[in-house]
Amino acid sequence: MNSESTYSDAPFLADNLALDFINSEYAIGGKRHDCLTDDQSVTGWLRKAGVLPDIGDQPIPDGMLAEARKLRSSARSIVNAAMNRVPVDLAVVNRVLEVGHPERKLEWDDDTQQLQSTLYHNIISPSGLLWPIADALVNLVTSDKFEYVRQCEAHDCILLFHDLSKSHRRRWCSMATCGNRMKVAAFRSRKKPE
């Protein structure tokens, strides 16, 4: 793994939170990169994804990196198993869902003089901060649109994406990167002298 990658290098092109999280480990030119290198990079990725609850002055829970990597590995296995319609170990994702589930309370708001629903996130455990990823994974693999989850067709790319295009004919993680590379390679192979 390349320890030089950071969460800011993570591709957000999958059109799905869980797939973007899986894609935080990717390959370029056969060389793997991991955007999750320490606890801070995990919370940085969650912040960039827009799912980090306000933790205020609360320290990052211990074990954030280890828990994130376990969840990412499990999520990748679950997506691959769902694509191939085979059983898979669900223990990690189910534990994150159970331990990290936010608590919803009905409360009175004095300012608006109305009842409101308030969500309290579990910010003292890694599972609490990673819960949105596990929830997005469950929603993805149980969706009737799961059939449109694809792996990039570039021979050296491992990125996944949710093809939400109207025609469902998307082939690459990104046209700007893999799509262009593959089209140039195909053009060159057609132009080779015989």
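For a quick check of your reading of the model, give me the residue pairs whose first member lies in segment 75-87 and is more than 16 Å from A134 (Cβ to Cβ), whose second is surrounded by 10 or more Cβ atoms within 10 Å (Cβ to Cβ), with beta-carbon atoms closer than 8 Å and at least 6 apart or on different chains.
Hits for this filter: N80/V88; M83/V149; P87/A81.
Is there a residue being under 16 Å from the mean Cα position of the chain (by Cα), in contact (Cβ under 8 Å) with a residue 60 or more places away in the chain and assigned to a loop (DSSP other than H, G, I, E, B) anywhere in segment 47-58?
yes
Any residue in segment 83-101 that is among the polar types (S, T, N, Q) and under 23 Å from D38 (Cα atoms)?
No, every residue in segment 83-101 fails to be among the polar types (S, T, N, Q) and under 23 Å from D38 (Cα atoms).
Working only within segment 109-147, note down all residues that are within 25 Å of L46 (Cβ to Cβ), of a type outside the set (A, V, I, L, M) and assigned to a helix (DSSP H, G or I).
P126, S127, G128, W131, P132, D135, N139, F146
Read-outs: derived from the displayed coordinates by stated rules, not from any lab. These numbers come from a predicted model, not from an experiment. Here Cβ is always computed from backbone atoms with ideal geometry, including for glycine, and neighbour counts include all displayed protein chains.
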